[in-house]
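So the structure is just underneath, and the comments pick up after that.
Nothing in this text is a laboratory measurement; each read-out follows from the coordinates by a stated rule. Note that this is a predicted model, so its numbers are computed, not measured. Note that we place each Cβ from the backbone using ideal geometry, even for glycine, and neighbour counts take in every protein chain shown.
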Amino acid sequence: MIGVALVLWLLQLADVSRVLADILVVNPFFITVAGVSFVVASLFVALAFYMPLKKIYVKASVKNAILASFGGQLLSDVTPARSGYFLTPFILNRIDQTPVEYSMLGVVATGAMNLLIKAALSVIALIYFMNTISLAPAVVNALLIGIFLLFLGGIGLLTFMRGRVYHILARFTRIPIIGRFIAKVAEMMDLFQKETQKIGSTLISTAFLLLLSIIANASALYFISRALQTGSSTFLDFALIVPLISTLNYIPITLAGLGVQETGYVALLTLLGASLNKAVAFSLMNRLLFTFTDTIGLPSLIKVGITQVFDRINVNTKIREGKIEESRKISSLKRKRGRQWGLHPKTVYILLPCYNEEENLKELVAEISRKCESLNYKIVAVDDGSKDATYSVLCCLSRTYPLVVLRHEENRGLHEALRTLLLWVDENTDDSDYVILMDSDLTHSPEYIPQMIRACEEQGADIVISSRFVEGWRHINVSFHSSLLSKGLRLFTKLMLRLPVEDVSSGYRCIRSAAIKRMIKTYGPDGIIESKGFDVQLEILFKLFMKGAKIAEIPFTLNYSKKKGKSKLKLTKTVLGYVRTILRLKSLQGDKSISMGGISKHDTQRDLESEGN
């Protein structure tokens, strides 16, 4: 309302009929050139946004980044302080699934450079105009305040980008209602702090593109002036007017500086010699033209659905009472179904060690959600210093699914990822809860999770292994050397360690939380895992068995057809690691310890025959 009131006030000061007449008789050629200049300016802003994004997310598409940027710029035309541009990451995410956190870092980096450049140029502009026209002290003071706010905003965005206040925000994450939002902001700032150093080399090119955008905007203003014949203002005048007037765009009392910006243009142009009517016509034509050219972003907003963009922001926020009640009903229904199916009502924790799994996680987590709808489950994933967007994908998924995200800043290996997860279980679960260990590369189908839990309940087992070597198992697209390795290790392990288990190297298991806690209490946080490769699965199984864990196995299908990305298995290194671990465990075993564990009856022909004898 304030913006509209200011525009009406300007029209009242001028002759409305003369203003409209000036607008209607504009030179079409100059207006067209001005419109093209505005489009070019917006394109330079989009490319400036794309530069840091491409550095931290190599899969970023320049076409989609430009489309999203135009959509964000259109939203900025109708939001206070042009804040709508911060929706650009959500638009891009809806277009091609680019992680919001990475896009937001691009927006923040571009915004910070934009504000600082305009603040510096505004100082130059103010000095220039103070020496060429008579500016009232009140106007000078108002402009100085605007310049200071631009500078403060740029510094604030740089601070936000570098994540310097992450630890401060983290203290407020437990505040009711807003704590979840603060946690997401703190999480995003933590990511910013880790990724900012990567985009340092792009800041110069980003700044250059933003300067080109200012020049293009100045060209648009110059040709609007020519179209309306406002006076003798030069291109240099408009090149300096652009950053100076931008100090008024970010005042949050109106939509994109509506009214305030127009007042600034009228004041400067009349001081430069334009008539009041021409100055008002110029300000209105400028507003209409840059808003019209920004409608290039309308197709991207229509494509993704603007309501879906806002839904994406609030996707996991159940603030309204109705949504909370609905969530409670769903949880109650899941527990009821679990009891009907003979499943345990306690929480099932699904542990996912992740390294460079960005291509697999979305499908895997969605599949877990579908297969475990009858369970009270929670996913706990650790990103082990991935070089791709694994961490960002996990953060995005955590807004939709019950997912806890842990992170190693550097790659430590599978053994350390599993140690982190097991220690988390020790600190955060009850003895009666279940823990699922599985791979994150889609080779382990989540459909076996309810089956393993049911086997734990029915057979009284502490560990249930999804086994490749009991009746009913299958392999799909498993390489010959992987299959040979598994069979060879199985025979060698049974010979050396006498573990009553068919599949000692399967990483797909259900374990009672109490068994994990007993193991950690006995061996300590550092002693639970000493292996440094895939042999860690054998070591964990062995130590659980040594603490009296009863083991059962169910058949499952190991499916490599869905696996994306390169295999992390190094054959020679893996074989040597297993041999060293088996010899080390043999030395710890002794003759009596084998009786400490137990094995349930397998649903296989071998065991049926054994029972018959």
Pull up all non-local amide H partners of Thr79: gap of 5 or more, or a different chain, and H-to-H distance under 5 Å with H placed in the peptide plane. Gly84, Ala256
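Could you grab the Rg to Rh ratio for region 40-145? Cα atoms only, Kirkwood for Rh. Numbers along the way, then the final one.
Working: Rg = 16.9 Å, Rh = 15.1 Å.
Reported Rg/Rh, Kirkwood definition of Rh: 1.12.
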Enumerate the amide H contacts of Leu352 below 5 Å, restricted to partners 5 or more residues apart or on another chain; note that Pro and chain-start residues carry no placed amide H. Val380, Ala381, Val382
Can you bin region 352-436 into rounded, prolate or oblate? Criterion: square roots of the alpha carbon gyration tensor eigenvalues sorted a ≥ b ≥ c, rounded for a/c under 1.5, prolate for a/b above b/c, oblate for the rest. oblate
With the Cα gyration tensor of region 490-530 in hand, convert its eigenvalues to equivalent ellipsoid semi-axes via √(5λ) and list them largest first in whole Å. 23, 13, 9
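Which of Thr234, Thr98, Thr254, Thr263 comes first, and how do the rest follow, when ranked by fewest Cβ neighbours within 10 Å? Each step should come with its number before you reach the end.
Working: Thr234 11, Thr98 25, Thr254 22, Thr263 19.
Final ranking by Cβ density, sparse to dense: Thr234, Thr263, Thr254, Thr98.
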Ordered by fewest other Cβ atoms within 10 Å, a rough proxy for footprinting exposure, Ile124, Ile449 read Ile124, Ile449
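Compute the length gained on full extension between Ser232 and Asn428: take 0.36 nm times their separation in residues and subtract their Cα-Cα distance, giving the result in nm to one decimal.
On the way: separation 196, 0.36 × 196 = 70.56 nm, distance 7.28 nm.
So the extension gain works out to 63.3 nm.
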Give me Leu43, Leu152, Leu394, Leu11 sorted ascending by neighbouring Cβ count inside 10 Å, so fewest comes first. Leu152, Leu11, Leu43, Leu394
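Treating only the Cβ atoms of Lys and Arg (+1) and Asp and Glu (-1) as charged, compute the dipole magnitude of region 373-519 about its Cα centre; round to the nearest 20 debye. Intermediate values should be presented prior to the final figure.
Details: 17 positive and 21 negative charges, 97 e Å.
With only Lys, Arg, Asp and Glu charged at Cβ, the dipole is about 460 debye.
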For Leu284, the net charge from surrounding residues (Cβ-Cβ under 12 Å; K, R +1; D, E -1) works out to 0
Per-residue HN-Hα couplings for region 364-377, Karplus 6.51 cos²θ - 1.76 cosθ + 1.60 at θ = phi - 60°, whole Hz, x for Gly and Pro? 5, 5, 5, 5, 4, 4, 5, 6, 10, 4, 8, 10, 8, 10
Given Lys378/Lys532; Lys198/Lys362; Lys63/Lys198; Lys494/Lys532; Lys378/Lys586; Lys59/Lys303, which pairs have Cα atoms separated by over 29 Å? Lys378/Lys586
Loop-located chymotrypsin sites (Phe, Trp or Tyr not before Pro) in region 254-299 whose Cβ has at most 14 other Cβ within 10 Å (DSSP): none
Mind computing the radius of gyration and Dmax over the alpha-carbon atoms of region 1-66? Å is fine for both. 19.6, 55
From the phi angles alone, apply the Karplus equation (6.51, -1.76, 1.60; θ = phi - 60°) to region 80-87 and give each ³J(HN,Hα) in whole Hz, x where the residue is Gly or Pro. x, 6, 6, 5, x, 5, 6, 8
Amide hydrogen neighbours beyond the local backbone of Arg407, cut-off 5 Å, H modeled: Asp383
Phi angles of region 403-417, converted by Karplus (6.51 cos²θ - 1.76 cosθ + 1.60, θ = phi - 60°) into ³J(HN,Hα) in whole Hz with x for Gly and Pro, give 10, 9, 10, 10, 8, 9, 5, 10, 5, 10, x, 4, 4, 6, 4
Quickly work out the Ala138-to-Glu363 label distance, labels modelled 7 Å from Cα along the C-beta direction, and quote it in nm with one decimal. 6.7
Kirkwood Rh over alpha-carbon pairs of region 358-515 plugged into Stokes-Einstein at 20 °C, 1.002 mPa s gives a D in µm²/s of 125
Rounded to the nearest 20 debye, what is the charge dipole size of region 1-99 about its Cα centre when +1 sits on each Lys and Arg Cβ and -1 on each Asp and Glu Cβ? 520
Taking N as the number of residues in region 410-479, what is its Cα Rg relative to 2.2 N^0.38 Å? 1.31
